[in-house]
1. May I ask for the Kirkwood hydrodynamic radius of region 139-262, worked out over all distinct Cα pairs and given in angstroms to one decimal?
2. Once phi is turned into ³J(HN,Hα) by the Karplus curve 6.51 cos²θ - 1.76 cosθ + 1.60 with θ = phi - 60°, what whole-Hz value does each residue of region 211-224 show in order, with x for glycine and proline?
3. Distance check, please: which entries in Lys93/Lys167; Lys83/Lys220; Lys83/Lys156 exceed 29 angstrom between their Cα atoms?
4. Trp249's amide H: which non-local residues (gap 5+, or another chain) put their own amide H closer than 5 Å, with H modeled 1.01 Å from N in plane and none for Pro or chain starts?
5. Taking 7 Å along the Cα-to-C-beta vector as the label spot, tell me the His206-Cys56 distance in nanometres, rounded to one decimal.
6. Within the set of other residues whose C-beta is less than 11 Å from the C-beta of Glu173, count the net charge using Lys and Arg as +1 and Asp and Glu as -1.
7. Once you have the Cα-Cα distance between Lys4 and Glu65, take 0.36 nm times their residue separation minus that, and quote the gain in nm to one decimal.
8. In region 1-47, which trypsin sites (Lys or Arg not before Pro) fall in coil by DSSP and have 16 or fewer other Cβ atoms within 10 Å?
Amino acid sequence: MDEKHLVDNGPSILLNIEIKGKKGEIRLSSVYGSYNYLTDVEMPEGEVAKFSCTHCNAHITSDSECLSCGANMVPFYLDMGGKVTICSRSGCKNHVVEFEDLAVALKKMYQEYGLAGKDDFKPDHKITQVEKPVDEKQEIIESGAFLNSYCPYCSKSLIEDNMLKLKIHNGGEGFLLLSPYLNVFTSKSTIFLEEDKTVKDVRCWHCDKSLILKEKKCKKCGSDVVKIEVSARTKLIDFYICTKKGCRWHGLSGDDLYDIRLEDSLEW
């Protein structure tokens, strides 16, 4: 695991890679179901890659063939017993998780993460917040608060299965799933999103209208921002999210900043 280079805001899986005669490194997302990665080599669609360990240089492969495309599957073994296997063909999304003993795996999971499991999309309540002087007239949305989110056009909820769901177009169509908890930055997507690159278009999955606001830019990196609405105590407020993968900036409109503050936000 590579703790220094994050993918989907979490430690990445570092491997050596060889594809179409070119060698380099690849960092895979450790979020199950995410297809995002960082690499220093070109990944032509449909080409089969070879993976090896960065410590011992052993070739990582198996005799199992992908049921979708026929390429060899690449196994990664889990501490709790079992393995996750992914297809070695670039662009193929087939992957499988297997446990040697499901009862043992579940027991270990409960021991480490509790009965509720470990949910990276929820806030870590053990983190203590630093108190800051605030205006008593202002409402404060606390770090870790659940943000009920809505489309600013059709007013329908963007929350599904306790996730903030957005439709994205980025060389293909898919969905981006964000943590709806303030200042929890875990995310995953159903299509590949390159780190440090902006998403081309973000839309409401109900009315299909673009949520990108061209006239407003991210105050941290200058990228386009997405506008949604979230419910505060007294009203719906405009809430902005940067479209650049990995950028954590988010904020409110200038008018709402007079009445509302986001705890530990880069906006203030």
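Coordinate-derived values only; no laboratory data. For clarity, every value in this text was computed on a predicted model and none was experimentally measured. Cβ atoms come from the backbone with ideal geometry, glycine included; neighbour counts cover every protein chain shown.
1. By the Kirkwood definition, the hydrodynamic radius is 14.6 Å.
2. So the Karplus estimates, Gly and Pro as x, are 9, 6, 10, 5, 7, 10, 10, 4, 7, 9, 10, x, 6, 4 Hz.
3. Too far apart for the 29 Å limit: Lys83/Lys220; Lys83/Lys156.
4. Distant-sequence amide H within range of Trp249: Cys242.
5. 5.4
6. +1
7. Full-extension gain reported as 18.7 nm.
8. Hits after loop and neighbour filter: Lys20.
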